[in-house]
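The values are calculated or read from the model by the stated rules, or taken from the named source; none is laboratory data. What you are looking at is a predicted structure, and each value in this text was computed from that prediction instead of being measured. Cβ sites come from the backbone with ideal geometry, for glycine too, and all protein chains shown count toward neighbours.
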Amino acid sequence: MPNPPSTPAELSLPATQAVLESAARDRLDQLPAAIGDYTVPEPRLTCRGVNVFYGEKQAIFNVNLDIGQREVIALIGPSGCGKSTFLRCLNRMNDTIEGCRVEGEIKLDGVDIYHDGLDPVILRARVGMVFQKPNPFPKSIYDNVAYGPRIHGLARNRTELDEIVEDSLRKAGLWEEVKDRLDQPGTGLSGGQQQRLCIARAIAVNPEVLLMDEPCSALDPIATATIEQLIDELRTQYSIVIVTHNMQQAARVSQRTAYFHLGRLIEIGPTAKIFTNPRHPLTEDYITGRFG
Amino acid sequence: MSKGHTVDRIVASIARRRARETRLKWAGFMAVAVTLALLALLLGSIVALGWRAFQQTYLALDVYFDPQVIAPDGRLDEESLRQADYESLVRQALRELFPQVEGRTQQRMLYRLVSSGGADYLSHMVLADPRLIGTRQRVWLPASSDVDMFAKGQTGAQRAASLQPWIDHLLAQGRIEKRFNKTFFTAGDSREPELAGILGALSGSFYTIGLTLLLSFPLGVAAAVYLEEFAPKKNFWVDLIEVNINNLAAVPSIVFGLLGLAVFLNAFALPRSTPLVGALVLTLMTLPTIIITSRVSLQAVPPWIREAALGVGASKMQMVLHHVLPLALPGMLTGAIIGTARALGETAPLLMIGMVAFIVDIPRGLLDPATVLPVQIYLWADSAERGFVERAAAAILVLLVFMLLMNALAIFLRRHFERRW
Amino acid sequence: MSISTLIWILLGLSSLAYYLGLKRALAISGGQVRHLHSLPSYYGYYTALWCGLPALAFLILWTLLEERIIILAVGASLPEELQNLPSERLELVFNQVRTALSSANASEDPVICAAADRYRALQAISNRCLAVVALMAAGLGAMWARRRIRPDLPARNLVEKTLETLLAASSALAILTTVGILLSVLFESIRFFELVPATEFLFGLNWSPQLAIRPDQVGASGAFGFIPLLVGTLLTSAVAMAVAAPIGLLSAIYLAEFAHPQVRAVAKPLLEILAGVPTVVYGFFAALVVAPFLRQAGEVLGLTIASESALGAGLVMGIMIVPFVSSISEDVIHAVPQSLRDGAYALGATRAEAITQVVIPAALPGIVGGMLLAISRAIGETMIVVMAAGLTAKLTINPLDSVTTITVQIVTLLIGDQEFDSPKTLAAFALGLVLFVLTLGLNVIALYVVRKYRESYE
């Protein structure tokens, strides 16, 4: 049965992936901007013309993206496409990486976060982050959650601090499970609990935006479901940017989806539209599982 | 709590928090700076104390090689020339130079201008050329330590103060000169600072460290190869060996000295104070370090090399000897050289096995009584005489140069032969 | 024949044996190397090993035991009254014999002279025997091995097994060393405790071993209470750690978290130089630079600072330990996973907050382990205190005062001429035992703590 590959979309053999990627690269160079509307009304974060370099190597190319209030936006794309790098620009976590340089304009509530006058400490208190692997501090559960409020001086006394801790743990859906053992080390919890503890820790400083870098990739399906449900609840108070490998997850939790490929934003739009009717062939290939 | 409220609080505290950060950074910077300043002080003070020892003051005397003194009975064979009283020639020359000095006490003081090695110097001259007998020669003789110290501007030597008028006189006549101190590099130890040199200690160190490297390198490599490539995992004895190696690396060096004293000297009755015993002790001491670094080198050889060798049907021993060992050897050698460079500076265990004796002769083998450079430094530094302290500092400089050379060699080997995977 | 000549001859014989074995293997195979179990060279190695190893082993054993046996034989030929002397006096006689061996020190005493002659004669015989036996062993070994060569002899396996055994023996040397240390300090300590009760040693507040050298009154007087030495040792170590712990830790924090890469590239090798400086150099520095400076500074401030103060020795020891503490701490800090730092930064922690509140607490077990190792170093450090601390034991915790330490006493008790069985000499071994146990305990705990710490982040 002859089935000659006429378009890249019909290639499915892994061996041909390299050919496909290089072809994709060729076409990308001719693409000036992403497909779809990247703006939202009343944005929380606005990114314009963002380029990121690691030394000589450019990792992010001219990305424009708005992040609205009280929405979950998913960043998807094959590994190495720069979605995590882009995420780490939003709270300047890239500052800690040697030789990393960010160009362009990222504004939080209209203020440029890379402006010299802005202290990254304050930025990070407003833009919290949850990491791929749960990283609780080797301290008690209580101290883990209280850490942020303590360093920022958010509680005037112990009672206030207790309130913040309880409130955060409740929001993270962990309170009922740990309320009797707050003094036990956070590292003793299960993986899913640890990740929820990290979320509680992040929301204890009362941020405006939550960045989540593949928060469920190290968890089992049940823990993943719990976190996804939590994300849905948190949306009522926070803007959430989530990087994920798992397209079903993106489809489940997000309102908008941005597809990244080789450092470029390819397509952006409402999640339902991206998953049912992608306009760009690369997006379609990725969503239909042809590569990634 | 509203969002704006949160940010306000953070902003309010940020200056204080940033200041605390700056303080920590400065404290850390100061800690490093203080440490490095102390290093500079350490090296600087040693150079300041020691550089003078590389110079020695010489006095010019007009010595009359009096036939009556050298060969009163007219015999000019080597033996009688060697036995002659050259000391009195020096004294005679000094008396001629300062005819106004009278009285035994005063004259004895005067004789102290010239080192007791001056007579030997004259003896060598005459033996080399007997025709000197009967002539008058201007001879440059090493000054005594007191004069040497005084000429180098070292105050505090009480005895030198009384010599001052004479020294001034000699200076005025241009009879005092500072020259490169060759004796320091060509002589063994001596009771007189101006005659003492480091060659004895240096050759003692050479034999000791040479044998240490010769013993510890093959043994260390063999042990490392066994533990890394052959030893069964989860075996009681192997675990015991590992624990032992790690602990031995942290046992105080003096304990190894006690081991040497009890086992090598008392139980096996090996000769005391010899480089042989010194090397055995230092070998046991450096072995753990060498084993540990050798194992790191072996671990750095990627496993696919082993698999490739085994895959073509090599035996395990062939795999190790033909493939793994040649690749790991440069790294192991580097580790061994650094380990023995440390042993070169080791003092305490060698004190225990008698390498601390006063030894004038330069050792010529592994079984000659010897001392080593660090012990010589210890002996000189402990001496009350300023001249010895100066020489101790100079000997430290020599020791540091040798250690530096060994480390440089190790770095060179690493740069040139070590492979990165 | 001297030992080294003998060793060279044995090496020569072994190469010859290699050649013989090789030839034999080739001859047996009849030109068909494939018929042999192993490559022909392995038959050569096999023969060479049989030639060299037994002879070499015999040679080492003989050399180690020779002196003992000769002394025994000489002892047996001594006159009755000398033989009946107590062992320590007899040892003195033997020492006289030994010195009389070299012609320069010929003894006046005819008995000693005779003994020395006998010693020389025995030594000559022993030397000849050794050479003959060793060479015979080599020859017989080679011949036996050569006769055993057959096409089906698994020469490679045998050679490799021997090599592996040798390798294992080399690593077992570590156990042997520990056992050797333990036995040597233990035996002498037991003899010491026969002369001085252990309770007096462990709890006595007075240490003055010098009084004990009265030949007629061995062990009857002299005080061997080791508490002042322990206190002195702990005092100097405490001063050292007071310097090294904060400076080392702060340096490590600075180098690991703050320093510009170029600063680190310069500062780290310089710190390593400090670690490589021999201790005798630090001792020199302490005795001739720091101590006089402290004394003068004390005079200015109106304090009396002893010229051999615990402060001076401790300060310099502290400088010596700084690079040790800082390199261990830096390793430990680097072992803290980046994710923890990221977690702290993502909450808006400053660098200082991340370090002091997250990284350091996480690294604490490792840092504590490193500090314990450093303390063990300070306790066992010898040259600095020998050169810069005092000799007389004084029970004080004033760092401006002069104290003495365990290592200083070991050195002073064992340097110079010593009779082997006096309590003075034996006391040094008892101190050695204490020192070994003390440092070993610290090391075991420290290594355990550090290992646990590393495992928790792997």
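See the values below:
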{"quantity": "Filtered residues of the stretch B:321-367 (kept if hydroxyl-bearing (Ser, Thr, Tyr) and closer than 30 Å to C:Val385 by Cβ)", "calculated": "B:Thr340, B:Thr347"}
{"quantity": "Test: residue in the stretch C:418-427 that is assigned to a helix (DSSP H, G or I), assigned by TED's automatic domain parsing to the domain that holds C:Gly314, buried (at least 21 other Cβ atoms within 10 Å of the Cβ) and basic (Lys, Arg)", "calculated": "yes"}
{"quantity": "Residue satisfying all of: in the stretch B:369-395; touching a residue at least 60 places away in the same chain (Cβ under 8 Å), in a loop (DSSP other than H, G, I, E, B) and of a type in the set (A, V, I, L, M); nearest to the other protein chains (Cβ to nearest Cβ) among these", "calculated": "B:Val372"}
{"quantity": "Filter result for the condition that a residue is out of contact with any Phe, Trp or Tyr (no Cβ under 7 Å at 6 or more places or on another chain) and at pLDDT below 80, over B:Gly156, B:Gly103, B:Gly118", "calculated": "B:Gly156"}
{"quantity": "The one condition in (1) modelled with pLDDT of 95 or more; (2) over 26 Å from the mean Cα position of the chain (by Cα) that C:Ala220 fails to fulfil", "calculated": "(1)"}
{"quantity": "Residue satisfying condition, being in contact with a Gly (Cβ under 8 Å, 6 or more places away or on another chain) and within 14 Å of another protein chain (Cβ to nearest Cβ), within set C:Val159, C:Val179, C:Val185", "calculated": "C:Val185"}
{"quantity": "Enumeration of residues in the stretch B:122-149 that are in contact with a strand residue (DSSP E or B) (Cβ under 9 Å, 6 or more places away or on another chain), outside any helix (DSSP H, G or I) and among the charged types (D, E, K, R)", "calculated": "B:Arg136, B:Arg138"}
{"quantity": "Condition broken by C:Thr404, with the remaining ones in (1) buried (at least 24 other Cβ atoms within 10 Å of the Cβ); (2) more than 19 Å from C:Val281 (Cβ to Cβ); (3) at pLDDT 90 or above; (4) facing chain B (nearest Cβ under 8 Å) satisfied", "calculated": "(4)"}
{"quantity": "Per-region count, the stretch C:330-343, residues buried (at least 24 other Cβ atoms within 10 Å of the Cβ) and within 11 Å of another protein chain (Cβ to nearest Cβ)", "calculated": "1"}
{"quantity": "Some residue of the stretch A:237-260 being touching a strand residue (DSSP E or B) at 6+ places or on another chain (Cβ under 8 Å), over 24 Å from A:Gly110 (Cα atoms) and modelled with pLDDT under 90", "calculated": "yes"}
{"quantity": "Qualifying position, being at the interface with chain B (Cβ under 10 Å from one of its Cβ atoms), modelled with pLDDT under 90 and in contact with a Leu (Cβ under 8 Å, 6 or more places away or on another chain), among C:Ile253, C:Ile273", "calculated": "C:Ile273"}
{"quantity": "Set B:Ala395, B:Ala328: member being touching a helix residue (DSSP H, G or I) at 6+ places or on another chain (Cβ under 8 Å) and farther than 25 Å from B:Leu42 by Cα", "calculated": "B:Ala328"}
{"quantity": "Among residues of the stretch C:50-65, those that are under 14 Å from C:Ala169 (Cβ atoms) and surrounded by 15 or more Cβ atoms within 10 Å (Cβ to Cβ), counted", "calculated": "2"}
{"quantity": "Number of positions in the stretch C:241-278 that are polar (S, T, N, Q) and over 15 Å from B:Leu38 (Cα atoms)", "calculated": "1"}
{"quantity": "Tally, over the stretch C:330-352, of residues that are in a helix (DSSP H, G or I), over 43 Å from the mean Cα position of the chain (by Cα) and among the small types (Gly, Ala, Ser)", "calculated": "3"}
{"quantity": "Wholly enclosed helices (runs of 4 or more DSSP H) of the stretch B:53-109 bearing at least 1 residues among the basic types (Lys, Arg) and touching a strand residue (DSSP E or B) at 6+ places or on another chain (Cβ under 9 Å)", "calculated": "B:86-97"}
{"quantity": "Which numbered condition B:Val360 misses (of (1) surrounded by fewer than 17 Cβ atoms within 10 Å (Cβ to Cβ); (2) away from chain C (no Cβ under 13 Å); (3) over 18 Å from B:Ala187 (Cα atoms))", "calculated": "(3)"}
{"quantity": "So C:Gly298, is it in the same structural domain as C:Asp331 (by TED's automatic domain parsing), among the small types (Gly, Ala, Ser) and touching a helix residue (DSSP H, G or I) at 6+ places or on another chain (Cβ under 7 Å)", "calculated": "no"}
{"quantity": "Among (1) among the hydroxyl-bearing types (Ser, Thr, Tyr); (2) modelled with pLDDT under 90; (3) outside any loop (DSSP other than H, G, I, E, B), the one test that A:Ser217 misses", "calculated": "(3)"}
{"quantity": "Considering residues of the stretch B:347-357 that are in a loop (DSSP other than H, G, I, E, B) and more than 7 Å from chain C (Cβ to nearest Cβ) only, the residue farthest from B:Thr283 (Cα to Cα)", "calculated": "B:Ala357"}
{"quantity": "Test result for B:Ala223, small (Gly, Ala, Ser), farther than 30 Å from C:Ile415 by Cβ and touching a helix residue (DSSP H, G or I) at 6+ places or on another chain (Cβ under 8 Å)", "calculated": "yes"}
{"quantity": "Residues that are at pLDDT below 85 and either within 35 Å of the chain's Cα centre (by Cα) or hydroxyl-bearing (Ser, Thr, Tyr) (or both), drawn from the stretch C:3-37", "calculated": "C:Ile3, C:Ser4, C:Ser29"}
{"quantity": "Test result for A:Leu189, buried (at least 21 other Cβ atoms within 10 Å of the Cβ), farther than 26 Å from A:Gly80 by Cα, more than 14 Å from every other protein chain (Cβ to nearest Cβ) and at pLDDT 90 or above", "calculated": "yes"}
{"quantity": "All strands (runs of 3 or more DSSP E) inside the stretch A:55-131 with 2 or more residues being more than 18 Å from B:Val7 (Cβ to Cβ)", "calculated": "A:57-68, A:72-76, A:100-108"}
{"quantity": "From B:Leu265, B:Leu202, B:Leu195, residue being at negative phi and within 13 Å of chain C (Cβ to nearest Cβ)", "calculated": "B:Leu265"}
{"quantity": "Helices (runs of 4 or more DSSP H) contained in the stretch C:39-140 and holding at least 2 residues among the aromatic types (Phe, Trp, Tyr)", "calculated": "C:40-77"}
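One line per residue, one yes/no per condition, for (1) crowded, with 17+ Cβ neighbours inside 10 Å; (2) under 20 Å from C:Thr439 (Cβ atoms); (3) in contact with a Phe, Trp or Tyr (Cβ under 9 Å, 6 or more places away or on another chain); (4) charged (D, E, K, R):
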{"residue": "C:Pro228", "(1), (2), (3), (4)": "yes, yes, yes, no"}
{"residue": "C:Ala245", "(1), (2), (3), (4)": "yes, yes, no, no"}
{"residue": "C:Val263", "(1), (2), (3), (4)": "no, no, yes, no"}
{"residue": "C:Ala275", "(1), (2), (3), (4)": "no, yes, yes, no"}
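Residues are listed down the side, and each one gets a yes or a no for (1) at pLDDT 95 or above; (2) surrounded by 20 or more Cβ atoms within 10 Å (Cβ to Cβ); (3) β-branched (Val, Ile, Thr):
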{"position": "B:Leu227", "(1), (2), (3)": "no, yes, no"}
{"position": "B:Lys234", "(1), (2), (3)": "no, no, no"}
{"position": "B:Glu242", "(1), (2), (3)": "no, no, no"}
{"position": "B:Ile245", "(1), (2), (3)": "no, yes, yes"}
{"position": "B:Ala249", "(1), (2), (3)": "no, no, no"}
